[in-house]
Each structure stands twice: as C-alpha cells, then as structure tokens.
C-alpha cells in the first residue's frame, strides 16, 4: 500500500481537524444524518484524554465520529480515495450514509474508492468505531457483558496487556485523487554487492487502467539521475552505491510514471535505502558488518493525544535517541505510524517492526510470572486469534516492505511460547512472513520470562533470540546480586543451546519514580534504576552472541489501573514529558563508547 503523497498527477487533502464525537452503543444514530448533542474532539488523536469525563474515558463500546468535506470541481475526472492511517480497533465508514469501508485492526491503514459516493458541495463523513477486544482480536482483551438496571447491555474490556486501551481515529484521514489509470503499489528490493560497491534494484509496479508503459528513474539525494529503466518489472543497476547505514541514512528516490502516448498519466515517488541484512554465526550483520542494537522499546503515548499521531513528539524522541547514541527501536507492541517509519528511514534509526500480537497469554497478570504448570496452560486452546494474526502480518508487511529502517519482523510479544500448541500456532505465521516479505528479512518473536531454554517450544523458528527479562525487578525484587547470577546463567544456556543464533534483550527495566532518591538504592529510586542497568550491562558484555540491548522503556506511559501502576508504567528512562531520569547519563556514556559495528568481532 502506497503512502499518500501529492504529485503532479495526484492531489492530497487532509481531513484532520475538529470532528463531532458521540457514544452510540445502541446504534441509534443514523450515519446519513448530522450527529446531535455531540462532543468535539481533535482528529487524529485518542478521544480518551480530550474529554474531562471519567466514565467516558474508560468506556467500552461504540462511538461515532463525523465531519464534512468538499471535493474541488477540478478533480471531477479523477478517482477519489479516502484513506485512514488507523482507527482503533474496528471501523465502519460511511459517506453520505452509504457504507464505503470496513476494517478490523487498530494499527494499520485502510482505504476506499468513494468516487461514486461523493456529490457536489458538502459531503457527510461518518465513522462508527468500536474499541472492544476479546480472545479473537489483536491485541487480546478479556471481554464480558453485564446488564444495567434497565436491562441494557454494559460491555467490559479488561486489557490483556500493560498499556492503556486508547481508542479513536489515531492517524491522519486523507482524501487523495488518482487518475483513472494509476499506480497501486510499488515493491523495491535492493540486492547489494558489497565487494563491488554496487546494487541491483529490483522494482515491481502494480497499476490499473489503460497505459502504454512504465518509466522508472532513480535519483540520488542531490536530485541527480543515477539509473533508469522501463517496465512493470525491472532491474536497475546502481554503481558506487551509497549505503543506508544506522544513524547515517542515505535515501534514493524512485520515480514511477505511467505513460500513454508519450504523456505521463500518473507519477509517484518512493524513497528507499540500499542495505544488506543477514544473520549468521551468532551475529546480526548490516552491510556485512556485525551490528549491535542500542535502544528502546517504546510506545506511541503522549499527553492528551494518547496513542494518536504526535509529530513533534516523534521528532523529539528520535532526537533524544540520537543524543544518547541509541540506534534502534522496537515498535512495541503494534505497528507505529507511517510518519514515524518514514522519520526512522530518514534519521537512520533501525527498527524491529512488530505486529499487535500482544496478550496471547491466558490468565495475564503480574502473577503470571509465577506460573509453573506449563503442561496445563490452555492458551492455545482458548485463543481464537490466528485469523487476525495472519491479517495483521499481511497488512504490516504490505505497508512497510520498502522501508530501509525495518531490519526484522516481530511476530508476537510475550506469548505463551512455552505452552502446548505454541509451535503449531506459530509455525504457519513464520512461514507466511517469509512468503510475504520480498526482502526476506529475519523473523523473531519477543519471549516472556517463562520462555526459558528449558521450556520454550518455538525458538527453532526465530532467526534472533529476543528476550524480555526482569531479574531483580519482577523476580527477586531489589536483589541485584542474584539477578546478575540469574541473567548470566540464562544467557549462557541460550548461547550453548543455540550457538548460531544471535541473542538480544528487547525488554529489561525497573519502575522508577522521577525524583525519588535513596542512599540505600531502594527499588523505585533513581539510584536503583542506574544500578540495575549497570548490572545488566556487565553481563551483556560477557556473552559473545549477545548483539543488542533495547531497554524498557523509553518513557513512562499510561496503563490501565492497578496497584502496581501509579499513573501508568514508570520504567521509562525519561518521564512521560520526556524529562531525563538520572540513568540517562550512564546509558549515554555507555552507548557512546559502543560502536554500531564490530563491538564483538570474533
């Protein structure tokens, strides 16, 4: 799916702004009529923190959004495409009362051709949204119903994950035009010859309509033409290639044009980077060199906007990462906005791209870490998520396949990979990812603490072993001496069992209240957070196949209510406002002294 841009053949309109908003659990509002007695909310953004109403903020059910738009007469000969960056979690879209689109899944884009539904003058756009989750959705929620005093249905969702169920129209709503003959999709696969500093760029174009030919031109960052070709499938050669490198991005631009009788019918521009990704002999190689991941798990989470697109925060976050010499993130625990992915391409931030497969664990809770009866775990007999899992994997790879920043797909976060049936559940998904990805990136999943070398059933499927570990926090809280022993023992066991697989931490951290200090280094203090990271760093450096540290979390973030969550999760090394905690200085010093490449050459 192409990102919407304006070109000489395409017009782009942004429908973001202030929309009407109203709860409609009983489906009483007619999408063909103006909403009465409605709130006003900003789009894109979560609705939850925009309206000072506690009950509404926590509401589980159905909502209506509504706005009006007008199409310029100059577009009368074009097709009109209505595109949503994401709606969380389920959406029915109506133009002038007629349903034009339906999409389930809250973190990937969808669109509809609405040419036949628009009229001259104002048009009414209504979006019905559900924020309900259950054991068939991703992410997973615990769904239940009760009745009120009038016999009406009251819906309840208890998140099966540790972040707030922010809801609404989270990413931009765009209306764009395309000619009748137009480009639908572009696939770019650079194949690098590192020895000769060259690359063959394989291009596949999907198009609709009547056209004579497809013209392909590649430009460098200075706007100079460096390659050209013709055809819906072609291979273009680049000499003296400029590689896309971590924290040192170089992006080429591919111009694709549909041509008829010598004239351009449709033109689209796709930026791309040229780089080589391989996993071999316990190393993660980018452009033939052993790469070391330094960075974060994080969330799309900001004040008022909630999970909605917040471009200034994205820019600030990337700036703070680069200030610390961090080079990577994981899109925990769902696909991030296309705007963030494009920013990571431009800034050289390496991305582990994750589907919203979080909560695949029956009986989720903080006490889940004490589970011992693995053989009787019922997760894979009660989860009905396989269809949704295939869908989100298809949509994510279709959206992000051309991004240079994406170096690995994450198939799930903290699932019951130790429970009977896990291998049978995940094997088809790993196969599907390999089938779908034209660049054949590595695949992984993020292993919960119970997925140890003794108990995990699916490690054979992954290219990189990615571990979430909280020794010294959830296990043996405050005992860093034991945590060091446990960390070292487990990492050595993984390396012994899988000597050819790289190992990295994708989560490790300790809740820390900014401004809380202790001469004894007590848990929750800034001193304990620093001691915790120093201990982990010591062990990481001892393990040959250990290729990266992505801590949890970049910044504090909102969660559901709980006695272990005081206004959210406090594991951030930055506050939710992006003010640094003390440990930022230690980590900055460490990461500045760890090169992106060759840290553990063997």
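Would you please list the contacts, defined by Cβ atoms under 8 Å and residues six or more apart or on different chains, that run from a residue in segment 91-110 that is under 20 Å from residue 306 (Cβ atoms) to a residue that is surrounded by fewer than 23 Cβ atoms within 10 Å (Cβ to Cβ) and modelled with pLDDT under 95?
Pairs that qualify, where the first residue is under 20 Å from residue 306 (Cβ atoms) and the partner is surrounded by fewer than 23 Cβ atoms within 10 Å (Cβ to Cβ) and modelled with pLDDT under 95, are 109/1.
Quick one: how many residues across segment 95-122 are over 22 Å from residue 72 (Cβ atoms), buried (at least 20 other Cβ atoms within 10 Å of the Cβ) and in contact with a strand residue (DSSP E or B) (Cβ under 9 Å, 6 or more places away or on another chain)?
Count: 5.
Would you confirm, using the coordinates I've provided, whether residue 551 is assigned to a helix (DSSP H, G or I), in contact with a strand residue (DSSP E or B) (Cβ under 7 Å, 6 or more places away or on another chain) and in the same structural domain as residue 459 (by TED's automatic domain parsing)? Explain how you work it out, then say what you get.
On the way: assigned to a helix (DSSP H, G or I): no; in contact with a strand residue (DSSP E or B) (Cβ under 7 Å, 6 or more places away or on another chain): yes; in the same structural domain as residue 459 (by TED's automatic domain parsing): yes.
Here the answer is no, as residue 551 does not meet what is asked.
Look through segment 147-179, keep the residues that are free of Cβ contacts under 8 Å to residues at least 40 places away in the same chain and touching a strand residue (DSSP E or B) at 6+ places or on another chain (Cβ under 8 Å), and return whichever of them is surrounded by the most Cβ atoms within 10 Å (Cβ to Cβ).
In this case the residue turns out to be 154.
Have a look at 246, 190 and point out the one that is within 25 Å of residue 300 (Cβ to Cβ), under 28 Å from the mean Cα position of the chain (by Cα) and outside the structural domain of residue 21 (by TED's automatic domain parsing).
The match here is 246.
Could you check how many residues of segment 7-20 are under 20 Å from residue 168 (Cβ atoms) and crowded, with 17+ Cβ neighbours inside 10 Å?
Counting residues in segment 7-20 that are under 20 Å from residue 168 (Cβ atoms) and crowded, with 17+ Cβ neighbours inside 10 Å gives 4.
Kindly indicate which of 507, 496, 527 is modelled with pLDDT of 95 or more and within 28 Å of the chain's Cα centre (by Cα).
On the way: 496 fails: within 28 Å of the chain's Cα centre (by Cα); 527 fails: within 28 Å of the chain's Cα centre (by Cα).
When all the criteria are applied, what remains is 507.
Restricting to segment 183-220, name every residue that is surrounded by 18 or more Cβ atoms within 10 Å (Cβ to Cβ) and assigned to a loop (DSSP other than H, G, I, E, B).
211
So that you can scan it fast, the table gives a plain yes or no per residue for (1) under 20 Å from the mean Cα position of the chain (by Cα); (2) more than 26 Å from residue 31 (Cα to Cα):
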| site | (1), (2) |
| --- | --- |
| 135 | no, yes |
| 139 | yes, yes |
| 145 | no, no |
| 153 | no, no |
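If only one of 44, 4 is outside the structural domain of residue 142 (by TED's automatic domain parsing), at pLDDT 95 or above, within 26 Å of residue 185 (Cα to Cα) and surrounded by 13 or more Cβ atoms within 10 Å (Cβ to Cβ), which one is it? First the steps, then the outcome.
Values: 44 fails: outside the structural domain of residue 142 (by TED's automatic domain parsing).
Among 44, 4, only 4 is outside the structural domain of residue 142 (by TED's automatic domain parsing), at pLDDT 95 or above, within 26 Å of residue 185 (Cα to Cα) and surrounded by 13 or more Cβ atoms within 10 Å (Cβ to Cβ).
Among the residues of segment 230-251, how many are in contact (Cβ under 8 Å) with a residue 40 or more places away in the chain and in a strand (DSSP E or B)?
Residues meeting the conditions: 3.
Please give the number of the condition residue 261 fails out of (1) under 30 Å from residue 178 (Cα atoms); (2) in contact (Cβ under 8 Å) with a residue 60 or more places away in the chain.
(2)
May I ask you to say which residue of 226, 274 is part of a loop (DSSP other than H, G, I, E, B), over 30 Å from residue 508 (Cβ atoms) and out of contact with any helix residue (DSSP H, G or I) (no Cβ under 9 Å at 6 or more places or on another chain)?
On the way: 226 fails: part of a loop (DSSP other than H, G, I, E, B).
Only one candidate qualifies: 274.
Got at least one residue in segment 256-265 being under 30 Å from residue 495 (Cα atoms), under 28 Å from the mean Cα position of the chain (by Cα) and crowded, with 18+ Cβ neighbours inside 10 Å?
no
So that you can scan it fast, the table gives a plain yes or no per residue for (1) closer than 20 Å to residue 330 by Cα; (2) in contact with a helix residue (DSSP H, G or I) (Cβ under 9 Å, 6 or more places away or on another chain):
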site: 537; (1), (2): yes, yes
site: 544; (1), (2): no, yes
site: 563; (1), (2): no, no
site: 584; (1), (2): yes, yes
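If only one of 382, 406, 462 is surrounded by fewer than 21 Cβ atoms within 10 Å (Cβ to Cβ), more than 12 Å from residue 355 (Cα to Cα) and not assigned by TED's automatic domain parsing to the domain that holds residue 188, which one is it?
Just one listed residue meets the conditions, 382.
Looking at (1) touching a helix residue (DSSP H, G or I) at 6+ places or on another chain (Cβ under 9 Å); (2) in a loop (DSSP other than H, G, I, E, B); (3) surrounded by fewer than 24 Cβ atoms within 10 Å (Cβ to Cβ), which is the one condition that is false for residue 304?
Single failed check for residue 304: (1).
Please indicate, with yes or no, whether at least one residue in segment 325-347 is surrounded by fewer than 24 Cβ atoms within 10 Å (Cβ to Cβ) and over 27 Å from residue 187 (Cα atoms).
Looking for residues that are surrounded by fewer than 24 Cβ atoms within 10 Å (Cβ to Cβ) and over 27 Å from residue 187 (Cα atoms), one finds at least one in segment 325-347, hence yes.
Restricting to segment 418-435, what's the tally of residues that are within 23 Å of the chain's Cα centre (by Cα) and loosely packed, with under 15 Cβ neighbours inside 10 Å?
5
The values are calculated or read from the model by the stated rules, or taken from the named source; none is laboratory data. For clarity, every value in this text was computed on a predicted model and none was experimentally measured. Cβ sites come from the backbone with ideal geometry, for glycine too, and all protein chains shown count toward neighbours.
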